[in-house]
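Some notes on the structure that comes next.
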Amino acid sequence: MLGEITKFFLSLSTLTFLPMLGAGVVMLLKIVLPEQKSLGRNVALLFSLIVLIQSIALFGYYAAGTCPIGNVPANANANASASPFVFACEHQSEFFPLVGSTWHVGIDGLSAAMILLTGILTPLAMLISYEIEENVHEHMALFLFFEMGLLGLFVSLDLFTFFLFWELSLVPMYFLINIWGGENRRYASFKFFLYAMGGSLGLLLAIQLISSVAGTMDIPTLVAMWPKNLNATGGALTLPFGASLETVKNIAFLAFFVAFAIKVPIWPFHTWLPDAHTEAPTAGSMLLAGVMLKLGAYGFLRLVIPLFPAQSQAFAPVIAILAMAGIILGALAAWGQTDFKRLVAYSSVNHMGFVVLGIAAFAAIYNTILTGGATSAEQMRSVTLATNGAVLQMFNHGLSSAGMFLLVGALYHKAHTRDLTKFGGLWTLIPVYGTLLIFTSMASLGLPGLGGFVSEFQVVAGSWWFFPTITAVSMLGLLMTGAYILKGIRAVLHGPVNEHWRDHHLEISPREVLALAPLVILILVTGVWPNWIMPVINQTVTRLFGL
Amino acid sequence: MLVTIILAVLIIASLVLLLFVNENQGQEARSIAILATMITLVLSVVIFLQMNQPGNLAAAQSNAGTGRSYFVDELNIPWIPSLGIGYHVGVDGVTAPMILLTGIATFCGVLISWRITDRTREFMAFFLLLAAGVYGVFVSLDMFLLFFWYEFAIFPMYLLIATWGWVERREYAAMKLTLYILIGSVFALVGLLVLYFSMGAFFSDLAHPERLATLRQVLNNPTATAFSFDFSHFEIASRWAQLANGQPGPFDVASIGGVSIARFWFPFIFIGFGVLAGLFPFHNWSPDGHVAAPTAVSMIHAGVLMKLGAYAALRVGVQLLPEGAKVHLPWIILLALINVVYGAFIAFRQRDFKYVIGFSSVSHMGLVSMGFASMNLVGMTGAGLQMFSHGAMTALFFACVGMVYDQAHTRDIPSLGGFGKKLPFVATAFVFAGLVSMGMPGLSGFIAEFPILSGVFQGPIVNPATLQLTYTPTFNYYPYIAILSALGIIVTAAYVLRVAQQVFGGEFNEARFPGVKGVTLTDKFAIVLLAGSLLFVALFPNVMSSMIKSGMAPVVTALQQNAPVGR
């Protein structure tokens, strides 16, 4: 009995739809008890905490290699076993046979880390949105709905459901920005939505192209067969409209690339980001920067490079150059901001650049490994390092950017301005806030001993072998990161005290400290002892490279 | 039997309303109407569940190989035997969802019309007659009967728009709508008569007595006559080549200009009915008609009536004349593409709230035609799904628009604003319908659009050896059409967001719109029912898609089989 309950509780379908159930309960509470705002908040928080427990348990079970749920999908495609991805906690059942889609879920080290990140950040963001007084129930329900989209995407092993959750995560974020956002929210949310829709339209068409050519939407099967130019059953591909195989693959690759590049965002597809992040409510920005950007990078690691190794290899130098541009220009743009939140928003472009640099290194060699070409031990070591670093950087940036947005929001909520020129010398007035801000900024800056350093070091060390010049220039970007972070700290905390704030209560509230504390601890733990998460990621990465 | 009861209930109820209810008995009129539509809704659900039984689905699937449709709940009573006209009704996998949709839309329509106080009795009576006409078309298995109900539906529609519509435009719009649809159906009728006479001449040919014998044998009816409007006769005639070892059938006979009947008359029938489905360039009546109609009529009109056109074009056009379809659908798909993209752009440009939704129907119905034109099982099933999804969605849209208009007395988008605060329920419903319409994954619009785009992507080249696309250029442009039509989806997202933003977002002007109050319980119930049916399709896509697939399979079989005579 207990075993059955555990199995149900830990199944990935439950994980995905529990937040949805929570959203329904919260909306029901709105109808039944519309005045009880704090009840709605607490119930929503409770649901996200249950999801947190689930995600921690799943991570633990995955790390220990003892997933309690049956690992053999009911009607798995025989060819899926050739896939370099190996999943745990798998489940497969019928969903929409007309288009050849099944409900196929599973996790590996990559998704386990991302699920853990989502599970950690959502309750913290919820805690922050306790400050929202308007339409509380809707706000909380949208958060839970958003969590469902994110979790569903990370567990999906079918292109159809992957796309489904990809799009679903847009809707709640649109409304979160549009209803609870800053002054310019209309413009920002519209731009965000259309940008993302535009990208995903290409993704939709490319998914249809692939499914019509290969005859399946199952991701493990596709990863195993598609790069070898075989269809789901091992036969030849049926090419449409008399196009050559080359053309079909190039078109599909480009569509995938653009869709995920917008989400990461890779320079020059990043222009939606500063607006959306700045206008979103604090909790929205936390999840937007903390998790949603990772969807793009996850798409690269899970789909783009494994499905299109040859195209990715040819394109790898371009990806690396774009990563470098993101790092340098993102840092410069952040440096030029006077709006504190916009500064932090641009820092995401800069930090995600390192993820992209690691991805570029992965792309540069994966095709050679897959086709059995000659690879030196040095290359293998470097690419493992870079890819591991990219995944860890996704996790670390999730923590540090969420922390930064939290702190910026905490200040804005009390001071009602984010203009850096209006602050100054606040450390003497708000010592606790100042300390936390400096700590989180240092994590963002990449101070050794904190999370960001470990992952950025891995990325840079790994990609050096493949793109020495680009990596060298990107490392200059690290310097500029220091410059803009210090600029932010100096403008807020140091210098002569701005007397205007002496009578204001700007100190961080206990609730905000409570929300920030887990992030601070995790950043420190990951910086000092990264090995709590590294083996899980490394296991998946090394298996991908056949090591 | 059930479908006959539905038709009888609706017609009897409307007669009772007109004959036995007094002019001032508004509440009685409403009660009778709601009772009648409730009965029909329940029966529609029963019919849907009957078709959904695994046995029926399996029988339909196995029947599909012979290229003949499988009907449940059939009833065949001779009506005018000398002309071969009978009262023949039945339901297959394509029509069962349409029956369900009609049941939901008419029931919700009566709920939404609860507030109509001007000549309630007549309104409800005509509304029920309209519903009867719509049901009649979907269940008719006799082509004469199909035409009968088709015209039958137009007359109450005219009266409903011209009498209860938007004062400024109602007479113009009602007349425009009626003329468009009538002229379209006249072309289709001429085409159908050509088929009837050529089929009669073919089977009664004294030089070939074996033809009639084969017909009677296949139909398992020793008294079948040569001249008949029965669907099964047409079905056999269109598939004569398969039955008689490659002998040309009645529709392969040379017609005007040496082109076979199937190929010459297909566009007249398809486009003639396509007028009612809003096919470009004959879509012009539809936005005017939708806007001028009272709310409940707009719901039926865009929600169900447009599907009549698409359904008839499929049943009479594509299924009976596959040879014509193979030649003409490859260019008709271009019209459908214009529908999708141009319709969306025009909707984006509108200032009138209701016109936005009116043009969005033009855009979405284009996807249905596009799905038909894909000529493969995935695309055509998607078209069937889209018919249901769009029907419920657009009914929901018009219900929302009506609720805002009733309170604001204007539909000018820039002067509206902030209604989300006053009518949160309507705002939520509108946004929900908007997400469906922009094809948001997880909702029914996506469940329908995905197979349509997939089908168009694959194109009709399922079996190149047997498809003789004489007008097709040397390269297959179907994938490009799928890509271009995706543009329409982006524009749809843009106009839906824009309208939702401007009408429901922003500040509410208390001075301009005094006394706005929440919606009534009946309105809420209608909204929940429509939204629920959309969610049902989205959450259990397999239920409706396998049913529609079983109904579309014979059509696709007919399209894929070899044609002996290429005229």
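Would you calculate a helix-derived [θ] at 222 nm for chain B, using -39,500 (n - 2.57) for each DSSP H run of n ≥ 4 and dividing by the full residue count, to the nearest 500?
-23000 deg cm²/dmol
Count the net charge of all other residues whose Cβ sits under 14 Å from the Cβ of A:A125, scoring Lys and Arg as +1 and Asp and Glu as -1.
-1
Would you be so kind as to identify which of B:G317, B:V297, B:P248 lies farthest towards the positive end of the dipole of the range B:194-337, taking Lys and Arg as +1 and Asp and Glu as -1 on Cβ and the Cα centre as origin?
B:V297
In percent, what relative contact order does the range B:169-315 have, based on Cα pairs under 8 Å that are 6 or more apart in sequence?
30
Report, in debye and to the nearest 20, how large the dipole of the range B:142-210 comes out about its Cα centre when Lys and Arg carry +1 and Asp and Glu carry -1 on their Cβ.
400
List the aspartates and glutamates whose Cα lies under 15 Å from the Cα of A:K30, skipping any in the same chain that are fewer than 8 positions away.
Output for A:K30: A:E133, A:E134, A:E138.
Given points 7 Å out from each Cα along the Cα-Cβ axis, report the B:A207 to A:L514 separation in nanometres with one decimal.
9.5
For the range A:161-228, what is the relative contact order in percent, using Cα pairs closer than 8 Å and at least 6 residues apart in sequence?
Computed over the range A:161-228, the figure is 21 percent.
Of the listed peptides B:20-28, A:161-169, A:247-255, what is their order by residue-averaged count of other C-beta atoms within 10 Å, with the highest listed first?
Descending mean neighbour count gives A:161-169, A:247-255, B:20-28.
Lysine pairs in chain B 8 or more apart or on different chains: how many have alpha carbons under 18 angstrom apart?
Summing the qualifying lysine pairs gives 6.
Place +1 on the Cβ of every Lys and Arg and -1 on the Cβ of every Asp and Glu in chain A, take the dipole about the Cα centre, and give the residue among A:L516, A:L39, A:L437 whose Cα lies farthest towards its positive end.
Sorting the options by dipole projection puts first A:L437.
By DSSP, what percent of the beta bridges with both residues in the protein assembly as shown are antiparallel, rounded to the nearest 5?
Approximately 100 percent, going by the DSSP bridge assignments.
Running Debye on chain B with equal point scatterers at the Cα sites and no solvent, what base-10 log of I(q)/I(0) appears at q = 0.06, 0.08, 0.12 Å⁻¹?
Normalising to I(0) and taking log10 leaves -0.28, -0.49, -1.11.
Can you list, bin by bin at 10 Å, the percent of alpha carbon pairs in chain A, starting at 0?
For chain A, the binned pair fractions read 4, 19, 30, 27, 14, 5, 1, 0 percent.
Size of the dipole of chain B about the Cα centre, Lys and Arg at +1 and Asp and Glu at -1 on the beta carbon, nothing else charged, in debye to 20?
Computed about the Cα centre, the dipole is about 760 debye.
What is the diffusion coefficient of the protein assembly as shown in µm²/s, taking the Kirkwood radius over Cα pairs and the Stokes-Einstein relation at 10 °C with a viscosity of 1.306 mPa s?
So the translational diffusion coefficient is about 51 µm²/s.
Quick one: length gained pulling B:K517 to B:L83 fully straight, 0.36 nm per residue minus the C-alpha distance?
Net length gain for the segment: 150.4 nm.
What angle, in degrees between 0 and 90 and rounded to the nearest 10, separates the Cα long axis of helix A:37-64 from the longest principal axis of the Cα atoms of chain A?
Helix A:37-64 sits at roughly 50 degrees to that axis.
Tilt of helix A:109-128 relative to the longest C-alpha principal axis of chain A, in degrees (0 to 90, nearest 10)?
Taking Cα atoms only, the helix is inclined about 30 degrees.
Just subtract the alpha-carbon distance of B:R351 and B:A244 from 0.36 nm times their residue separation and send over the number in nm, one decimal.
Here the answer is 32.6 nm.
On a full-extension model of 0.36 nm per residue, what is the gain between A:K7 and A:H494, subtracting their alpha-carbon distance, rounded to one decimal in nm?
170.0 nm
So what is the relative contact order of chain B, in percent, for Cα pairs below 8 Å that sit 6 or more residues apart?
Relative contact order for chain B comes out at 17 percent.
Any idea what the dipole of chain A comes to, in debye rounded to 20, about its Cα centre with Lys/Arg Cβ at +1 and Asp/Glu Cβ at -1?
The dipole magnitude comes to about 540 debye.
Using 7 Å Cα-to-Cβ label points, what is the B:F536/A:S93 separation (nm, one decimal)?
2.1
Where does each of A:E134, B:E122 land when they are ranked from fewest to most other beta-carbon atoms within 10 angstrom?
Ordered from fewest to most neighbouring Cβ atoms within 10 Å, A:E134, B:E122 come out as A:E134, B:E122.
What Kirkwood radius, in Å to one decimal, follows from the Cα pairs of the range B:37-126?
Hydrodynamic radius (Kirkwood, Cα only) of the range B:37-126 equals 15.5 Å.
Given points 7 Å out from each Cα along the Cα-Cβ axis, report the A:K228 to B:V186 separation in nanometres with one decimal.
About 6.5 nm separates the two model spin labels.
Quick check on chain A: helices-only [θ] at 222 nm, where DSSP H runs of length 4 and up contribute -39,500 (n - 2.57) each and the sum goes over total residues. Nearest 500, please.
Computed ellipticity for chain A at 222 nm equals -23500 deg cm²/dmol.
What are the radius of gyration and Dmax of the range A:216-310, computed over its Cα atoms and given in Å?
Final numbers for Rg and Dmax: 16.8, 51 Å.
Place a label point 7 angstrom from the Cα of B:V16 along the Cα-to-Cβ direction, then list the residues of the range B:39-55 whose backbone nitrogen is under 11 Å away.
Answer for the range B:39-55: B:39.
Check cross-link reach from A:K487 to the aspartates and glutamates: straight Cα distance under 18 Å, and skip same-chain residues fewer than eight apart.
A:D339, A:D419
If the cut-off is 21 Å between C-alpha atoms, which lysines fall inside it for A:K249, apart from same-chain ones fewer than 8 positions away?
Within reach: A:K228.
Semi-axes of the range A:306-440's equivalent ellipsoid from the Cα gyration tensor, sqrt of 5 times each eigenvalue, largest first, rounded to whole Å?
Each semi-axis is the square root of five times an eigenvalue, giving 40, 15, 10 Å.
Taking 1 over the mean of 1/r across every pair of different Cα atoms in the range B:311-469, what Kirkwood radius in Å do you get?
The Cα-based Kirkwood calculation yields 16.8 Å.
Readers should treat all values here as calculations from the given coordinates under stated rules, not as data from a laboratory. Everything numeric in this text was worked out from a predicted model, so none of it was measured. Using ideal geometry, Cβ is built from the backbone for each residue, glycine included, and neighbour counts are taken over all protein chains shown.
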